[in-house]
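Everything on this sheet refers to the single structure shown next.
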Amino acid sequence: MQHINPDMDIVAYVLQAVLKAKPEDNFCKSIQIQYMERGGLSKKQLEGLQGKAQRIHGIHAGKLATLEAIIKKKHTTQRSTVSIVNVVEEKDKIAEKMITEILEKYPQHKRVLLFKSKFEKDGKLINAEKEELVKFHKLLMK
């Protein structure tokens, strides 16, 4: 098994080649300082360096391929996208109609008044409450 030569630093070589071709490039200057201080670069920084290095003709293709391999080897952090969806649920028109019909005829019906307050608060009733409301409607609205 062959070991990579630790004396050959591809990232430093590509950085120096880019800075030699474009000495006024602020991005490359800042990445070089970060590389010297920290000993490494992030995947995004390496991708930016690769983009600049590909536009320069003096850099050997093998070095660019090695830089690309280093980039692919780095871990990619994927964040889940936050999707905020304002779901506007339509009120149950049938339940609302049954509640109003029952309360028009029997305005003091306590259970239906409870259903009305829940319906006005949430805009919906659970299935058991709907079934009970249907039962009341059938009994009272003959």
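In whole Hz, with x marking every Gly and Pro, tabulate ³J(HN,Hα) for the stretch 37-46 from phi via Karplus 6.51 cos²θ - 1.76 cosθ + 1.60, θ = phi - 60°.
Rounded to whole hertz, the list is 6, 9, x, x, 10, 6, 5, 5, 5, 5.
Report the one residue of Leu133, Ser80, His60 whose Cα lies farthest in the direction of the positive end of the charge dipole of the chain (charges on C-beta: Lys and Arg +1, Asp and Glu -1; origin at the Cα centre).
Final value for the positive-end residue is Leu133.
Between Leu49, Ile10, His109, whose Cα lies farthest towards the positive end of the dipole of the chain when Lys and Arg beta carbons carry +1 and Asp and Glu beta carbons carry -1, centred on the Cα centre?
Checked the options; the winner is His109.
Given Cβ point charges of +1 (Lys, Arg) and -1 (Asp, Glu) and nothing else, what value in debye, to the nearest 20, does the dipole of the chain about its Cα centre take? Spell out each step's value before the answer.
Values: 27 positive and 18 negative charges, 65 e Å.
My answer is approximately 320 debye.
Taking the Cα centre of the stretch 10-73 as origin, work out the dipole magnitude from +1 charges on Lys and Arg Cβ and -1 charges on Asp and Glu Cβ, in debye rounded to 20.
Numbers: 11 positive and 5 negative charges, 26 e Å.
Roughly 120 debye, rounded to the nearest 20.
Roughly how many whole Å is it from the C-alpha centroid of the stretch 82-142 to that of the stretch 1-78?
Distance between centres, Cα-based: 66 Å.
Once label points are set 7 Å from the Cα along Cα→Cβ at both His75 and Ala12, what is their separation, rounded to one decimal in nm?
2.6 nm
Each value in this text was obtained by applying a stated rule to the coordinates, not by laboratory testing. The structure presented is a predicted model; accordingly, all values stated were derived computationally and were not measured. FYI the Cβ positions are ideal-geometry reconstructions off the backbone, even for glycines, and counts take in every protein chain you see.
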